[in-house]
Amino acid sequence: MMGYGCGIVLGISMAYIVFTTGRPQWLVRMIERDLRNKVSSWFGKKRK
């Protein structure tokens with residue numbers, strides 16, 4: 001139970017900081033890069 005409480009407090013604190021400072025460009029770039037890599041790997045595979 002103690003771990004869940006600490007995780008919730010830290011998670012809410014981090015989310016508050018991120019969203020009050022504006023759109024986090026580093027996070028957006030990281031997610032877009034991961035999605036682009038996944039999509040290209042899906043379509044890049046040769047079908048048999």
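Every number here is computed from the coordinates shown, using simple stated rules; none is lab data. Nothing here was measured: the structure is a model prediction, and the numbers come from that model. For neighbour counting, all protein chains shown are included, and Cβ atoms are generated from backbone atoms with ideal geometry for every residue, glycine included.
The alpha carbon radius of gyration of the chain, expressed as a multiple of 2.2 N^0.38 Å, is 1.81.
Show that you can apply the helix-only estimate: for the chain, add -39,500 (n - 2.57) for every DSSP H stretch of four or more residues, divide by all residues, and state [θ] at 222 nm to the nearest 500. One gets -28000 deg cm²/dmol as the mean residue ellipticity at 222 nm. Ordering Ile12, Trp26, Val39 by Cα displacement along the dipole of the chain toward the positive end leaves Val39 in first place; charges were set at the Cβ atoms of Lys, Arg (+1) and Asp, Glu (-1). Summing Cβ point charges (Lys, Arg +1; Asp, Glu -1) relative to the Cα centre of the chain gives a dipole of roughly 640 debye.
Available extension along the chain between Ser40 and Leu10 is 7.3 nm, counting 0.36 nm per residue and deducting the alpha carbon span.
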